[in-house]
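Quick notes on the structure that follows.
Derivation of every value follows stated rules applied to the coordinates shown; laboratory data play no part. Treat the numbers as computed from the prediction; the structure is a model and nothing was measured. Every residue, glycine as well, gets a Cβ built from its backbone with ideal geometry; the counts of neighbours run over all protein chains shown.
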Amino acid sequence: MSQVRVRFAPSPTGYLHIGGVRTALFNWLFARREQGTFILRIEDTDQSRSTDEAIQAILDGMRWVGLDWDQGPFRQTERMDLYRHHALQLLDRQQAYWCVCTAEELDARRQEAQAQGGQQKYDGRCREKGILNPSGDAALRFRAPQAGQTIIEDLIKGRVVFDNAVLDDLIILRSNGYPTYNFSVVVDDALMGITHVIRGDDHLTNTPRQVPMFQALGFTVPQFGHLPMIMGSDKTRLSKRHGATSVLAYRDMGYLPEAMINYLVRLGWSSGDQEIFSIAELVEKFSFEHVQKSAAVFNPDKLLWVNAYHIRHGDPSRIVSLLMPFLEQKGFGQAVKTTPVGWMEQLVIMLRERARTLVEMAAAAEPYLMPEPTMEPEAVHKFLTPQMAPILETLAQRFNSDKVFSKETLEGIFKVLLEESGLKMGQLAQPVRVALTGRAVSPGIFEVIDLLGREATMMRLRRGIAVAQGVHS
RNA sequence: GUCCCCAUCGUCUAGCCUGGCCUAGGACGUCGGCCUUUCAAGCCGGCAACACGGGUUCAAAUCCCGUUGGGGACACCA
C-alpha cells in the first residue's frame with residue numbers, strides 16, 4: 001500500500017486567504033484520514049511578488065487553524081538547482097528548446113492575435129530553430145504534444161478530456177534562470193513523492209499542461225482532485241470587496257479556529273445533514289466522495305452561527321484562554337491575572353449563551369472585571385429611579401443579613417420582597433441589573449449575583465442606591 | 001474569442017452514480033409563536049428550490065442531448 005502524500009503550496013504574495021485555508025484543510029484532512037503525510041511548500045519563484053512577511057503570515061495562519069504539516073515548509077527558491085537540472089535534462093532529450101523571443105515581442109503578438117480573435121498561444125517560431133547556445137537572453141520552452149488527448153481522472157470532477165492541440169509550448173525556465181510555476185510544481189510534486197494533488201479548480205486547465213511534463217521527465221503522474229472555488233455573495237471570486245478574506249482577520253474578529261474549520265469544510269463538503277463537526281470527527285468522516293463539484297458562496301451569517309455554537313459548546317477553560325488576548329486588549333490583563341481560573345470559567349459559562357464572537361464576549365465581560373462598571377445613562381434613567389431606592393435598600397439589607405449568600409436563598413429573598421412590594425419580577429430585576437452591571441441587558445440576575453459574590457454585590461447595590469437617590473444622575 | 005468546469009429554497013446542502021420510498025429533507029437567514037427578570041439560548045411553526053427545452057422510460061430532481069446562465073483558464077504570475 002503506497003502512503004498518501006499531499007501538499008499545500010501557497011505563493012507568498014499576501015496574507016493567507018480563507019480559500020487557501022480550505023484547500024489546505026481538505027489536503028490535511030485527507031492526509032490525516034489516510035495516515036499519510038502533509039507537506040507545506042512555499043511557491044516563491046516570483047521574486048517580485050514574494051515577501052518574507054507573507055511567508056510568516058501563511059505559517060501563522062496555518063498554525064492558528066491548527067493545520068500542522070509533517071514536512072517543510074520548503075521554499076522553491078532554495079531548490080533552484082533541481083529545477084534547472086531537470087529543465088536541462090528536457091533540453092538534452094529535445095523535449096525542450098531555447099526561445100529567443102523577447103517578452104515584448106510575445107506580448108505584441110498575443111495582443112494582435114487577440115484582436116483578430118485567434119488563438120492566444122505561442123506561435124512556435126523558435127520550436128525548430130535548434131538553438132544550442134543562446135547568446136543573449138533566452139527562455140527554455142517545453143515542447144508540448146500537439147496530437148492526441150490528455151485525460152484526467154479527477155477525484156472530484158471525474159473524467160476530463162483535453163485535446164492536446166490546445167496545449168501551448170510553455171516557458172519552463174525564464175531568461176533570468178528562474179523556473180515558472182507549471183514546471184516547478186511538476187518537479188516538486190514528483191520529487192516530493194506527492195500522490196494526490198488537491199488544489200483549487202482554477203488549476204484544472206493547468207493539469208493537461210503539467211501531465212505531459214511529468215511524462216517527459218519520466219515521473220509517475222499523481223492523482224488529481226480539483227476543489228470548487230469559494231465565491232462572494234455576487235458569485236464572483238471571493239475577494240476583499242466581499243469582506244475579510246484573511247484567516248488572521250477572522251482570528252482578530254473573535255472567531256474560534258475550530259469554528260473556522262467547521263464552516264469552511266461544509267463549504268463544498270457534507271456528511272448527510274450534519275452541520276457541526278469536531279476536528280476528530282472530520283478526520284474520521286472526510287472523503288472526496290462527498291465533495292461538491294460546484295462553487296460555493298461564502299456566507300458570513302452562517303459562519304457567525306457556527307462560531308456561536310462552538311463558543312457555547314466548547315470547553316470553558318479553552319474559551320477562557322482564547323478570550324484572554326481580547327481581554328488584554330481592553331486593559332484587563334492585570335485584573336484577569338489576579339482572578340481565580342475557576343471564576344473566569346464561570347464568567348465564560350455565564351456569557352457564552354449571548355456571545356457570537358470572542359470580541360462580543362470580551363465586551364460583555366467588562367462589567368464583571370471592573371470594580372465599578374460604567375453605567376449606561378439610559379439604563380440608569382429608566383430603571384434606577386428615586387422611588388426604587390428604598391426597595392433596593394431593603395433588598396440590600398436582607399442580602400447582607402443572609403447567612404449563606406447562595407443563589408437559592410437570594411431567590412427566596414427576591415420573592416418575598418416582590419410579594420411585599422407588589423412589584424413584578426421585571427420591575428425589581430431591571431433596577432438590580434443596572435446597579436450590578438451598569439447595563440439593562442445581562443445574563444440572569446441570580447447568575448450575576450452568584451458570580452459577583454456577597455462583597456461585590458453589596459458594593460454595587462449601594463452604589464446603585466446612591467445613583468437612584470440622585471446623588472448623581 | 002478558444003478550451004475546461006458547473007447548475008436543487010436568498011445561501012450552504014441531502015437526494016442523483018444504483019430512476020419509483022420526493023407531496024424534494026436538513027441547516028443559516030427571515031417571519032410568527034412558546035418559554036421568560038432583560039438579552040440571548042432553547043423549543044414549535046410559516047415562507048422558500050429540482051434553470052429551460054427536448055428525448056429515453058410504465059415512471060426522471062435522478063439517465064441522454066441541446067439551450068441558457070454562472071465560474072475558471074488561456075503570461076518569462078502562481
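Remarks
- Taking only Cα atoms of region A:361-465, radius of gyration then Dmax in Å: 12.7, 38
- Using bins of 5 Å that start at zero, the share of Cα-Cα pairs per bin across region A:128-186 amounts to 4, 15, 17, 19, 19, 11, 7, 5, 2, 0, in whole %.
- Here the Kirkwood formula, the inverse mean of 1/r across different C-alpha pairs, assigns region A:274-352 a hydrodynamic radius of 15.3 Å.
- Cα gyration tensor of region A:59-101 - equivalent ellipsoid semi-axes, whole Å, descending: 36, 11, 8
- Amide proton proximity set for A:Ile172, modelled H, under 5 Å, gap of 5+: A:Leu140, A:Arg141, A:Phe142
- Average Cα contact separation per residue, region A:380-473, under 8 Å, 6 or more apart, as relative contact order %: 46 percent
- Pairs beyond 23 Å (Cα-Cα), from A:Lys235/A:Lys302; A:Lys235/A:Lys293; A:Lys240/A:Lys302; A:Lys121/A:Lys240; A:Lys157/A:Lys285; A:Lys337/A:Lys403: A:Lys121/A:Lys240; A:Lys337/A:Lys403
- Given charges at beta-carbon only (K, R positive; D, E negative), |dipole| of region A:329-473 in Debye: 160 debye
- Gap separating the Cα centres of region A:339-398 and region A:232-300, nearest whole Å: 35 Å
- Value of relative contact order over chain A, rounded to a whole percent, pairs C-alpha under 8 Å and six or more apart: 12 percent
- Between region A:120-189 and region A:1-17, the Cα center-to-center distance that results, in Å: 22 Å
- Residue-wise HN-Hα couplings along region A:443-460, as the Karplus relation 6.51 cos²θ - 1.76 cosθ + 1.60 with θ = phi - 60° gives them from phi, are x, x, 4, 6, 5, 4, 4, 4, 5, 5, x, 4, 4, 5, 4, 4, 4, 6 Hz; Gly and Pro carry x.
- Region A:233-250 - phi-based ³J(HN,Hα) in whole Hz, Karplus 6.51/-1.76/1.60, Gly and Pro as x: 4, 8, 6, 10, 3, 4, 8, 3, 4, 8, x, 5, 10, 8, 4, 5, 5, 5
- Tail beyond 21 Å, pair distance distribution of region A:4-87 (Cα, percent): 30 percent
- For chain A, share of DSSP beta bridges that run antiparallel, in % to the nearest 5: 50 percent
- Basic side chains Lys and Arg get +1 at the Cβ, acidic Asp and Glu get -1 at the Cβ, and with that the dipole of chain A about its Cα centre reaches some 260 debye.
- Computed with the Debye formula from one identical point scatterer per Cα of region A:228-296, without solvent, the log10 of I(q)/I(0) at q = 0.17, 0.19, 0.25 Å⁻¹ comes to -0.72, -0.88, -1.19.
- Counting only Cβ charges, +1 for Lys and Arg and -1 for Asp and Glu, the dipole size of region A:1-151 around its Cα centre is about 580 debye.
- Remark: spin-label model distance A:Ser239-A:Glu419 equals 7.0 nm, labels positioned 7 Å along the Cα→Cβ axis.
- Gyration tensor over alpha-carbon atoms, region A:314-393, equivalent ellipsoid semi-axes in Å: 28, 13, 13
- Amide proton proximity set for A:Gly200, modelled H, under 5 Å, gap of 5+: A:Leu227
- Phi-based couplings in Hz for region A:298-314 (Karplus 6.51, -1.76, 1.60; Gly and Pro marked x): 5, 10, x, 4, 6, 4, 4, 5, 4, 4, 4, 4, 5, 5, 5, 9, x
- Both radii come from the Cα set of chain A: Rg as radius of gyration, Rh as Kirkwood radius; their ratio Rg/Rh reads 1.18.
- Solution diffusion estimate, µm²/s, Stokes-Einstein, region A:116-240, Kirkwood Rh from C-alpha pairs, 37 °C, viscosity 0.692 mPa s: 200 µm²/s
- If you model region A:403-473 as an ellipsoid using its alpha carbon gyration tensor, with each semi-axis the square root of five times an eigenvalue, the axes come out at 18, 16, 12 Å, biggest first.
- Here the residues A:Ile55, A:Ile261, ranked from fewest to most Cβ neighbours within 10 Å of their Cβ, fall in the order A:Ile55, A:Ile261.
- FRET efficiency for A:Gln146 and A:His85, using Cβ-Cβ distance with R0 set to 25 Å, rounded to 0.05: 0.40
- Cβ crowding within 10 Å ranks A:Arg251, A:Arg7 as A:Arg251, A:Arg7, fewest other Cβ atoms first.
- Computed on region A:179-319, the Cα convex hull volume stands at 155 Å³ per residue.
- With the simple spin-label model, which puts each label point 7 Å out from Cα in the Cβ direction, the A:Asp402 to A:Gln111 separation comes to 8.2 nm.
- Cα extents of region A:87-168 along the three principal axes, largest first (Å): 46, 37, 21
- Taken over the Cα atoms of region A:36-82, the convex hull encloses 72 Å³ per residue.
- Ranking of A:Trp98, A:Trp28, A:Trp269, A:Trp69 by neighbouring Cβ atoms within 10 Å, starting from the fewest: A:Trp98, A:Trp69, A:Trp269, A:Trp28.
- Positive-end residue of A:Ala31, A:Thr45, A:His17, charge dipole of region A:15-65 with Cβ unit charges: A:Ala31
- Cβ-isolated cysteines (cut-off 4.7 Å), chain A: A:Cys101
- Note on A:Glu104 and A:Gln334: the extension gain reaches 76.6 nm, defined as 0.36 nm multiplied by sequence separation minus the Cα-Cα distance.
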